[in-house]
Structures are given as C-alpha cells and as structure tokens.
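Student: Before we start, here is the structure in question, set down as structure tokens.
Values quoted throughout were computed directly from the atomic coordinates according to the rules given, and no laboratory measurement underlies them. For clarity, every value in this text was computed on a predicted model and none was experimentally measured. Heads up, the Cβs are rebuilt from the backbone with ideal geometry, glycines too, and the neighbour counts pull from every protein chain shown.
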Amino acid sequence: MKNLLLSAVLLASMPALAAPADSVQVMTLSRRECIAIALADNPTVKTADLEVTRVDYSKKEILAGLFPKIDFSGNYQRSIELQTIKMDMGGQSQSFKMGSDNSWNFGFGVSMPLIAPTLWKSIKISDTQILQNLESARASRLDLVNQVNKAYYSLLLAEASYKVVKENYDIALFNADLYKKQFEAGTASEYDVLRTSVQVKNIEPELLEANIAIKQCSLQLKVLMGLPVNTEVRANTTLQEMQTEMQPHTAAIDRSLAGNTSLRSLDLQAKALKQNVDLKKMEWLPTLGASFSLFWSALSNGNALKNQEFNPYSNVGLSLSVPIFSGGSRYYGLKQAQVQLKEIGFQRENLVSQLNVQVDLALDNINKELAQIESSEEGVKQAHKAYEIMQKSFEIGAATYLNLRDSELANTTAQLSYYQAIYNYLISSSELDLLLGKEGSLQGQSTYY
C-alpha cells in the first residue's frame, strides 16, 4: 500500500518533474500521503530495518555452530640439520642421524558439537534480539509518524494564520484607501488617513511572519519526507475541515499500554535477561563433541618435489568437557544475572505507573481542548457578527474607526484562538497515539479523528 500510494503521488506530480531543474515543484499532499513517503524514504527508518537484517545474520551465524565444521590444513618442513642420537653398543658409543630432509603433512579435520547447552540457549537469545530490533524499528516508525503529523499540523496552522492575517490586512488596506478618498473629497481629516495608513504598516510584518512560517513548516515537512530541495509541499486540507473528523468524546478510547514501545522494549529486555540467567545455569552442564580427521603424510630425503610417497592416516574421536571448578566465576555470574532480572522487574512497575499518569494527562488535555474548540467556535461566530454590526454602524457614521478597529481585532483574535485550539487537539491526539503505540498511525489512521 505504501508503494502504491507513493507511486500515485509521483504520478500526480509528473508535470512538475518535467519542469526545469531550478524551478519549484509543488506537491499538494494529504497527511497520509506524507506519512507514506516519509516511511518509504526516511534514513532513520532504513537504518532501523538494516539493523534487523544484521541481527538476523547474527542468528544464522550462531546456528552455523550446530553444523559440522570442516577445515583443511597443510604443513611442510625442511630439516636443516637432522637430529643426532648417540647409543652405547658393546662398550662403544655410536651416533645416528634420525629423521628426513622433507616432511609433508596435509588433510581435513571435521568437528561437530553433539551436546552444547550454551549454544542451544544462545540461539533462543538471538531470537529475542531480533524481536528487540524489530520493536526498535517499530518505535522509529511511530516516532517518525508523530513528527510528520506535527509538521503537517503546523503547516495547517501556519496557512490558517496567514489567511486570518491576510483578511485583516485587506480590511485595513480597504479602510486606508477609503479614508484617503474621503480626505481628497474633504470629508475626512488627515489624522484619519495617517492612522489607517499606520495600521496597514503595522499588519505588514505580521503578514510577512505568517508567510515565513508557512515556508518553514513546509521545509520541515519536506526534510522528514526526504524530498528534494526544489520541492514545495502544500496541504490538501484545512484545520476547519479536519474538525469535522474529530471524535466528540474520549470515553470509548482504548487506553491499553500493550502497544507502548517503551514497555514492549522493556518486556523484551526482561525476556533476554531471563534467558541469560538460564544460559548462566547451563555453563555447569557438560559438553560433548565429535571429531574426525583424514590426513596424508610423506617423509623423504633430497628434492622435496620428487619421489614423495604420501600415506593416509585417519582417526575419529569424542571430546567430553565437564566443568568442575572455576574459582566461583560461574556462580557469581549467575547471581549477577539474577539481580539484573529483579531490577528490570522494578523498572517495569515504575514505567507502567508513569505511563498511566501520562495517558490520564493526555486524555484530560484532549477533553480540555475539545471544550476549547467548542467555545472558540462559538466565539468566532459572535465576534464575526459583532464585526458586521460595527461595520454597518461605521458606514452610516454611528461608530468611530476605533470601535471598528476593536471589533476587527476581536474577530482576528477569535479566529486565531479557534485554529490554535484545533491544532492543540491534533497535536495531543498524535502524542497519545505515540504513547499508546497505535499501529493504525503507521498508515495515517488515528483513533481520535
């Protein structure tokens, strides 16, 4: 599904890809599309996947220890001075040279473990290590999804803020132009013209900051997705549209910690420590191995490459090793592993308590933000209505420009508060998804919207 979604996005942007290299390629994407591209191209995720592959190879390396090991060896020696032996024969001492000028020896050696408890347990430990790396890769994906969500929501907030400031700027510009025309007609004072012109100048920096915020949020999202520098990312939705998908309450939310990455990683670590305790116990058990060798040897004098007669010889055997005494190293190693296992049990209890508190706080924040959205939405309606009334009163001369400006400011503040409340809800929901380790968030799905 990720590959299909990424292909669809790239096909949609084909006209932009055909543009010159120095032109800006605009991609209008949904949040789920951004997540799919990020998961496919992010270097952190790729590194985590490679780590899983590495540990899988490590397991296969341990498994190879169960199979026969075959080695070939060869040896050649050239004697410089043969060994001299003296013997007493009939009262006379005689000397003899023993050995050969050339000595050849080569062949094959085969060994295989028959009973190897520590090796068997090491295989199970390697399985746990693979699970730990898989969980680490999953944690990297969940964290990346959370970062993409935050960047996407920040982009939506920046765009909404720019829209509000732009509307306020257009109104101020309209009023300044209106007073300028009235001044030219002699129905307005120069003070009114200057006051409205200054108001326009005061809003221009806010408009510039809002525009820069959009570019920065787009850049952050682009970096997370691994897109080229000459690409511009735009959202295909708005904060107001996302409000329609929000859950009205959190009572039915499954707050199970079974998917929390920290807790799952700690449980896998505890499993590995328990297996390590068993491994320490198996160090007291005997080991048994089998071996077989087949070699050829030759002894000669003179030229090392001529007149060589190689004779085979072979043997088969068993090797038994029974640990008896090691100065207490195995005993204290076992005690150390048992203490580590107890420690991680206490760590788990503490982590569960902390996570439950965090979930409670997150749900409280979401409920608070839902109430804030409802209140802000009503405030936007009231502020807009008050502005329309004040605008009509101003047009007929029943209100001053200061009254109109106050209503404009109240309307702008209400809209910004409304968008900020939606943004806070979305951020808190994404954080709660990360805290609970929701698998659906990897496909851009959420429990809360």
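Student: What is the order of Phe106, Phe67, fewest Cβ neighbours within 10 Å to most?
Tutor: Details: Phe106 14, Phe67 9.
The most exposed by this proxy come first: Phe67, Phe106.
Student: Can you sort Leu318, Leu227 from fewest to most other Cβ atoms within 10 Å of each residue's own Cβ? Mind dumping the intermediate values first?
Tutor: Values: Leu318 9, Leu227 21.
Placing the least packed residue first, the sequence is Leu318, Leu227.
Student: Need one word for the range 214-301: rounded, prolate or oblate. Basis is the Cα gyration tensor (sqrt eigenvalues a ≥ b ≥ c); a/c below 1.5 gives rounded, then a/b vs b/c decides. Numbers along the way, then the final one.
Tutor: Details: a/c = 5.93, a/b = 2.00, b/c = 2.97.
Verdict is oblate for the range 214-301.
Student: May I pose another question? Please report the relative contact order for the chain, taking Cα pairs under 8 Å with a sequence separation of at least 6, and give it as a percent rounded to a whole number. Write down the numbers at each step before the final one.
Tutor: Numbers: 576 pairs, mean separation 101.1, N = 449.
Over the chain, the number comes to 23 percent.
Student: Return the calculated 222 nm mean residue ellipticity for the chain, to the nearest 500 deg cm²/dmol, obtained by summing -39500 (n - 2.57) across DSSP H runs with n ≥ 4 and dividing by the residue count.
Tutor: Numbers: 10 runs with 282 residues, N = 449.
Rounded to the nearest 500, it is -22500 deg cm²/dmol.
Student: Quick one: grab the alpha carbon gyration tensor of the range 102-160, order the square roots of its eigenvalues as a ≥ b ≥ c, and give me rounded if a/c is under 1.5, else prolate or oblate depending on whether a/b is larger than b/c.
Tutor: On the way: a/c = 11.93, a/b = 3.17, b/c = 3.76.
Here the range 102-160 falls in the oblate category.
Student: Quick test of the membrane-span-like rule: which DSSP H helices of the chain reach at least 18 Å along their long axis (C-alpha atoms) with mean Kyte hydropathy at least -1.0?
Tutor: Working: long enough: 43-63 (30 Å, -0.45); 117-185 (102 Å, -0.26); 190-225 (53 Å, 0.13); 261-282 (31 Å, -0.51); 329-395 (94 Å, -0.64); 401-436 (52 Å, 0.02).
The qualifying helices are 43-63, 117-185, 190-225, 261-282, 329-395, 401-436.
Student: Among bridges DSSP assigns within the chain, what percent are antiparallel (round to 5)? Intermediate values should be presented prior to the final figure.
Tutor: Values: 41 of 46 bridges.
DSSP beta bridges in the chain are roughly 90 percent antiparallel.
Student: Scale the Cα Rg of the range 312-449 by the rule-of-thumb value 2.2 N^0.38 Å and send over the ratio, two decimals.
Tutor: Working: Rg = 33.4 Å, N = 138, 2.2 N^0.38 = 14.3 Å.
Against the compact-globule rule of thumb, the ratio is 2.34.
Student: With volume of the Cα convex hull per residue in Å³ defined as stated, name the option among [x] 305; [y] 133; [z] 201 computed from the structure displayed.
Tutor: So the structure-derived entry is [x].
Student: Further question on the same structure: Rounded to the nearest 0.05, what FRET efficiency is calculated for Val110 and Gln83 with R0 set to 56 Å and r the Cβ-Cβ distance?
Tutor: Once rounded, the FRET efficiency stands at 0.95.
Student: Indicate the gyration tensor shape class of the range 278-371 (rounded, prolate or oblate), computed on the Cα atoms with a ≥ b ≥ c the square roots of the eigenvalues: a/c under 1.5 is rounded; otherwise a/b larger than b/c is prolate and the rest oblate. Intermediate values should be presented prior to the final figure.
Tutor: Values: a/c = 6.07, a/b = 2.87, b/c = 2.12.
The shape class here is prolate.
Student: Among Leu66, Leu268, Leu305, which comes first, then next, by fewest other beta-carbon atoms within 10 Å? The partial results should precede the final answer.
Tutor: On the way: Leu66 12, Leu268 19, Leu305 8.
With the fewest neighbours first, Leu66, Leu268, Leu305 line up as Leu305, Leu66, Leu268.
Student: If the elastic network links every pair of Cα atoms under 10 Å, which of Gln382, Gln94, Gln25 fluctuates the most in the Gaussian network model of the chain?
Tutor: With Cα springs under 10 Å in the chain, the top fluctuation among Gln382, Gln94, Gln25 is at Gln94.
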